[in-house]
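Here is the structure we will look at, set down as structure tokens.
The numbers here are math on the coordinates, done by the rules we state, and not lab data. Keep in mind the model is a prediction, meaning the values are calculated, not measured. All Cβ positions, even for glycine, are placed from backbone atoms using ideal geometry, and neighbour counts span all protein chains on display.
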């Protein structure tokens, strides 16, 4: 294993740890700390050029860095005419459309 692969592997592990910690903090109700974890997660991914998985991307608000958990801090709406699911962040009112 060369150095670049090792760095990406460690980066992926850190990203996963921070994402899990942000999930736990959001469920507890500590949104400020969860947003800090998400900011750090994004900095790691951009610095080491690691792509986030679609699951992670779709669960993070791009505007305020909140982790979107349905029923806690976001609302979901299914728009069947255009075939997408709309997640709306309760903090900043930003909408994320996920096509199905």
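Structural remarks
- Full-stretch length increase - residue 8, residue 100 - with 0.36 nm per residue and alpha-carbon distance subtracted: 30.1 nm
- Here the Gaussian network model covers the chain, with springs between Cα atoms less than 10 Å apart; of 68, 18, 33, 33 fluctuates the most.
- Remark: the residue 55-residue 28 segment gains 7.6 nm on full extension, using 0.36 nm per residue and subtracting the alpha carbon distance.
- Helix 31-47 axis, angle to the chain major axis (alpha carbon atoms, nearest 10°): 50 degrees
- Comparing mean-square fluctuations of 22, 81, 34 from a GNM of the chain with C-alpha springs under 10 Å, the top value falls on 81.
- Share antiparallel - DSSP beta bridges, the chain, percent rounded to 5: 90 percent
- Overall Cα dimensions of the chain - principal axes, largest extent first, Å: 49, 31, 18
- Using just its DSSP H runs of length 4 or more, each adding -39500 (n - 2.57), the chain gives a mean residue ellipticity at 222 nm of -16000 deg cm²/dmol after division by all residues.
- The chain, relative contact order [Cα under 8 Å, separation at least 6], %: 19 percent
- Of 75, 53, 86, the one that fluctuates the most in a GNM where the chain has Cα springs shorter than 10 Å: 53
- Simple spin-label estimate for residue 93 and residue 77 gives 1.2 nm between the two label positions (7 Å along the Cα-to-Cβ direction from each Cα).
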